[in-house]
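Notes for the one structure printed next.
The values are calculated or read from the model by the stated rules, or taken from the named source; none is laboratory data. This structure is a prediction, so every number in the text was calculated from the model and none was measured. All Cβ positions, glycine included, derive from the backbone under ideal geometry; neighbour counts span all protein chains shown. Areas reflect the complete protein model, heavy atoms only, side chains present, ligands, DNA and RNA absent. Shrake-Rupley method; radii C 1.70, N 1.55, O 1.52, S 1.80 Å.
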Amino acid sequence: MMYDQTRAQQPAGQNRVPSERRTPGPEPLLPSSERDKVLTRLRHALNTFADTPRDALAEAESAYDEATAQLVAALAARRDLLRAAWAEEDPESPSPSEADSEEFRNALRQYREITQRLLQL
């Protein structure tokens, strides 16, 4: 099978099967419930700053630390899933099968998407 440059450059979120469509844009890295908890803590820090600035700063720092820890864990889990999709293939095989090639392309698209998102932070 030949390398299809046009297909490889398609956005990672573009699906081929209509039944697999999801909401526009990339999938969030953190579940909405976890994001909401951190945002609630951050709003609380902002709202209490005038009365207790030191406590508000401590709360904001804690929310930041929680968000970064959750993000690191989510990125590691995403990497593990991506790696599992392609790392189990036989590395001694002279050329991957068509199904393997498709899995490899899909994994590459997902690596590209997540890396580009990280670089835009």
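Observations, loosely collected:
- There is no residue in the stretch 93-102 that is modelled with pLDDT of 90 or more and either open to solvent by 60 Å² or more (accessible area, probe 1.4 Å) or in a helix (DSSP H, G or I) (or both).
- First in the stretch 105-121 and farther than 19 Å from residue 80 by Cβ, second anywhere and outside any loop (DSSP other than H, G, I, E, B), Cβ under 9 Å, 6 or more apart: 105/7; 105/8
- The listed residue being of a type in the set (D, E, K, R) and at pLDDT 95 or above, out of 59, 27, 20: 59
- From 50, 45, residue being modelled with pLDDT of 95 or more, more than 20 Å from the chain's Cα centre (by Cα) and not in a helix (DSSP H, G or I): 50
- Residue check: residue 64 meets all listed conditions (1) loosely packed, with under 11 Cβ neighbours inside 10 Å; (2) under 26 Å from residue 118 (Cβ atoms); (3) modelled with pLDDT of 95 or more but one, namely (1).
- Members of the stretch 43-77 found to be touching a helix residue (DSSP H, G or I) at 6+ places or on another chain (Cβ under 6 Å) and of a type in the set (A, V, I, L, M, F, W, C), listed by number: 45, 49, 56, 60, 63, 67
- Inter-residue pairs, beta-carbon under 7 Å, first within 21 Å of residue 35 (Cα to Cα) and in the stretch 48-67, second open to solvent by 100 Å² or more (accessible area, probe 1.4 Å) and not in a helix (DSSP H, G or I), 6+ apart: 56/49
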